[in-house]
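Participant: Mind having a look at this structure? Questions to follow.
The values are calculated or read from the model by the stated rules, or taken from the named source; none is laboratory data. Here the structure is a predicted model, which is why all the values come from computation and not from measurement. As a convention, Cβ positions derive from the backbone with ideal geometry for all residues, glycine included, and neighbour counts pool all protein chains shown. Calculation scope for accessible area: heavy atoms of the full protein, side chains included, ligands and nucleic acids excluded. Shrake-Rupley method; radii C 1.70, N 1.55, O 1.52, S 1.80 Å.
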Amino acid sequence: MKSFLTSFALAMTGILCVVLLWAALAGNVAPDLPSPLKTWEESKPFILQPWEKRGEMDQGILRMASYSLVRVAKGFFLAILVGTPLGFLLGSSTLFYRMFDPTIQVLRPISPLAWLPLGLILFRQSEPAALFTIALCSMWPTVINTMHGVRSIPQDYLNVAKVLRLSPWKKFTKVWLPATLPYMFTGFRLSLGLAWLVIVAAEMLTGTPGVGGFLWQEYNSLIYSHILLCIVTIGVVGFALDRLMGLAEAKLRAA
Amino acid sequence: MQRPLEISSLSKTFDTPTGPHTVVKDFNVKIQPGEFISLLGHSGCGKSTVLSIVAGLQQATLGGVIIDGTEVNTPGLDRGVVFQSPCLLPWLSALDNVLLAARQAHPTLAAAAQREVALKYLNLVGVAEFASSMPAELSQGTQQRVAIARALSLEPRFLLFDEPFGMLDSMTRFELQDLVLELWEQDRKTVILVTHDIDEAIYLSDRIVLMTDGPEARVGLDLPISLPRPRDRRMASSNADYFRLRAEVIRFLDHHSRQFNREAA
Ligand SMILES: Nc1ncnc2c1ncn2[C@@H]1O[C@H](COP(=O)(O)OP(=O)(O)OP(=O)(O)O)[C@@H](O)[C@H]1O
Ligand SMILES: [Mg+2]
């Protein structure tokens, strides 16, 4: 308990330092940067009435975040739905690995900004294009960690499966899946982080309501304090998501 | 009448970065039904390689393993295997680990009857009380007992052990040796035990197959152990035949390691 309080106090001090630095910069070095106080004043209606809907792009910050979260959730599930089996295939078949690993290494570093226009061409609508982009960009950690997990299944367990002559299905459910699960979860966690990273870009380009869309709109309307509000929100939500996945992962390891 | 298990002109060559490496060459053993044999030799001579070929986990390069007149080169439920480390699946309870095997051996039984089988063998090896424990909660010795129960629940004709007591402290090792002896007395399965413990091999076996040092290890000495059964450890330590056999094994191993060292020099 005491060590928890210490780390909490230290973390708060760290945040305070950054806010002070922000305040110092806002006045003079960066004249267009709104000060923390100004940011708070202008963001109040969004924070204090987080669920309020006043217009398409004028909504409480939690409501905005929830639109983004739903979009991320869809893209993320698409990513793990495709990524997990792909990882299993790559991990279990050398032939498949040698065939597709080079392609994956080429696809992996492509930015969401590059995928999105392609998505718009393919789907002609912003929503599916955004999901396409999120899924494509966030899939790789799941693919690679699952593959790595399959490769790391101890030979001992594989030998047990062999001498017991387990059927392919039993081998999968009793040996492969449980042995790979922790690796898969690490992949899921990283993928979710990436999906959240991509959402802002996707919403900015498609102009859909959400934290990213709001951020871009307020930039165009020259309300800079709202940009900062969005940045902070994106950070906090991303942090919360990672912690939640971390908790789920710890639960899984303990079970 | 069942026919012997035959290891016939077995050779195994591995491709290594430094060229082909023949671990065993022209290895021949016949094992009678109900016989308990030990495979003894210096570390690295190829004991595990031979055993895993019999288990069907590796393929022979030349020759092979013949059971009932047919060559086997895949694992089979007629052969129960116990490895050096217990190799229990850590996400399954002791019972579920054994049940995995019991279900394979008795696919047509009802679930409750399969459970009965698994429990019966856990009971037989004396760990029924730990049925619902996870492997990580069990001592090495208990885990190895569960692994033996898993092999037994296949109700196999052959039991293959690869240094099953190697990782245990000596007290636990004695207990498990006695357990294996007792189990074998009950139904006389054919047993192949890989070990490098001379006393263990003499105490348990009908016959010790001593391997020459690799590469190209062969059967160096096929030594019948004619000590009366049932055996007990105290008798073993005061029996003249026992000491003669022990001396013979040591002489063989000593000679081969010296020969080996001479060749290496
Ligand atoms: N997959 C492999 N590739 C190359 N060499 C191998 C392979 N497996 C085993 N060997 C070699 O074969 C030889 C025999 O190995 P093996 O494990 O059968 O010996 P062992 O008698 O069981 O030894 P130990 O008593 O240490 O268990 C060793 O020299 C080992 O390096
Ligand atoms: Mg070995």
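Participant: Regarding the stretch B:121-133, can at least one residue be identified that is outside the structural domain of B:Asp197 (by TED's automatic domain parsing), away from ligand 1 (no atom under 16 Å from the Cβ), buried (at least 23 other Cβ atoms within 10 Å of the Cβ) and outside any loop (DSSP other than H, G, I, E, B)?
Facilitator: yes
Participant: Can you tell me which of B:Asp222, B:Asp213, B:Asp241 is part of a strand (DSSP E or B), at pLDDT 85 or above and not aromatic (Phe, Trp, Tyr)?
Facilitator: B:Asp222
Participant: To continue, here is another question. Which of the numbered conditions does B:Gly63 fail, given that it passes all the others? Conditions: (1) modelled with pLDDT under 95; (2) within 14 Å of chain A (Cβ to nearest Cβ); (3) away from ligand 2 (no atom under 16 Å from the Cβ).
Facilitator: Checking B:Gly63 against (1) modelled with pLDDT under 95; (2) within 14 Å of chain A (Cβ to nearest Cβ); (3) away from ligand 2 (no atom under 16 Å from the Cβ), the one that fails is (2).
Participant: How many of the residues in the stretch B:21-42 are over 15 Å from B:Glu200 (Cβ atoms) and within 10 Å of ligand 1 (Cβ to nearest atom)?
Facilitator: 5
Participant: Within the stretch B:81-123, take every residue that is hydrophobic (A, V, I, L, M, F, W, C) and within 16 Å of ligand 2 (Cβ to nearest atom) and give me the one that is farthest from the other protein chains (Cβ to nearest Cβ).
Facilitator: B:Val82
Participant: Check B:Leu40 against each of (1) hydrophobic (A, V, I, L, M, F, W, C); (2) within 16 Å of ligand 2 (Cβ to nearest atom); (3) within 14 Å of chain A (Cβ to nearest Cβ) and name the one condition it does not meet.
Facilitator: Failing condition for B:Leu40: (3).
Participant: Does B:Glu129 meet the test of being closer than 26 Å to B:Thr172 by Cβ and free of Cβ contacts under 8 Å to residues at least 40 places away in the same chain?
Facilitator: In short, yes.
Participant: May I pose another question? Taking the conditions exactly as written (open to solvent by 50 Å² or more (accessible area, probe 1.4 Å) and either within 16 Å of ligand 2 (Cβ to nearest atom) or part of a helix (DSSP H, G or I) (or both)), does B:Ala151 satisfy them or not?
Facilitator: No, not satisfied.
Participant: Then there's this: Would you confirm whether or not the stretch B:184-192 contains a residue that is buried (at least 17 other Cβ atoms within 10 Å of the Cβ) and within 16 Å of ligand 1 (Cβ to nearest atom)?
Facilitator: Yes, the stretch B:184-192 contains a residue that is buried (at least 17 other Cβ atoms within 10 Å of the Cβ) and within 16 Å of ligand 1 (Cβ to nearest atom).
Participant: Tally time: how many residues in the stretch A:40-68 are part of a helix (DSSP H, G or I), of a type in the set (S, T, N, Q) and modelled with pLDDT under 90?
Facilitator: Residues in the stretch A:40-68 being part of a helix (DSSP H, G or I), of a type in the set (S, T, N, Q) and modelled with pLDDT under 90: 1 in total.
Participant: Report, by residue number, each residue of the stretch B:102-124 that is within 25 Å of B:Glu182 (Cα to Cα) and hydroxyl-bearing (Ser, Thr, Tyr).
Facilitator: Of everything in the stretch B:102-124, just one residue is within 25 Å of B:Glu182 (Cα to Cα) and hydroxyl-bearing (Ser, Thr, Tyr), namely B:Tyr121.
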